[in-house]
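Note sheet for the following structure.
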Amino acid sequence: MTHDSEAMPLPRPMFQPRQLVCWDAGDRRLYAEVIQSIPARARCWVRPLLLAMSADSGDVAQCQDLRTAPDLVWSASAFRLALDTEAIPLLALLPPTPTNDAQARRWLNQFLRQTWVRSAPH
């Protein structure tokens, strides 16, 4: 029997559909929309929107349009909720017509490969 003060900490709540999330990886940030949370596997299904790259000053130097990139199922712990004040100005920089599928796929794959290499034990 445990007292309320000794209860186990609650797990971090999963993301909700339609929320904007961000994956920070060095000077790059992947912004995506949550399609579905998968609590049993601590994963989330997201739809990539854009990849923002920062300059040395910390300001966004470039935004790559990922709206036609394939969806991604990844560990929910890689993402954080994106603030509207950070995401909406970046989304406004995207062209009205999405980038072609092949280019968006290359940018997403490059981000995933670079992030994977950085996180691998050396």
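The residue that is modelled with the lowest pLDDT, counting only those in the range 65-99 that are of a type in the set (Val, Ile, Thr) and part of a loop (DSSP other than H, G, I, E, B), is Thr99.
Counting only residues that are farther than 15 Å from Ala78 by Cβ, under 16 Å from the mean Cα position of the chain (by Cα) and part of a loop (DSSP other than H, G, I, E, B), the range 26-64 holds 1 of them. Looking across the range 81-105, the residues that are within 21 Å of Trp45 (Cα to Cα) and surrounded by fewer than 13 Cβ atoms within 10 Å (Cβ to Cβ) come down to Leu83, Asp84, Ile88, Asp101, Ala102. When Ser75 is tested against the conditions (1) in contact (Cβ under 8 Å) with a residue 40 or more places away in the chain; (2) polar (S, T, N, Q); (3) surrounded by fewer than 16 Cβ atoms within 10 Å (Cβ to Cβ), the lone failure is (1).
The values are calculated or read from the model by the stated rules, or taken from the named source; none is laboratory data. Computed from a prediction, not measured in an experiment: that's the story for all the values here. With ideal geometry, Cβ positions are generated from the backbone for all residues, glycine too; neighbour counts draw on all protein chains shown.
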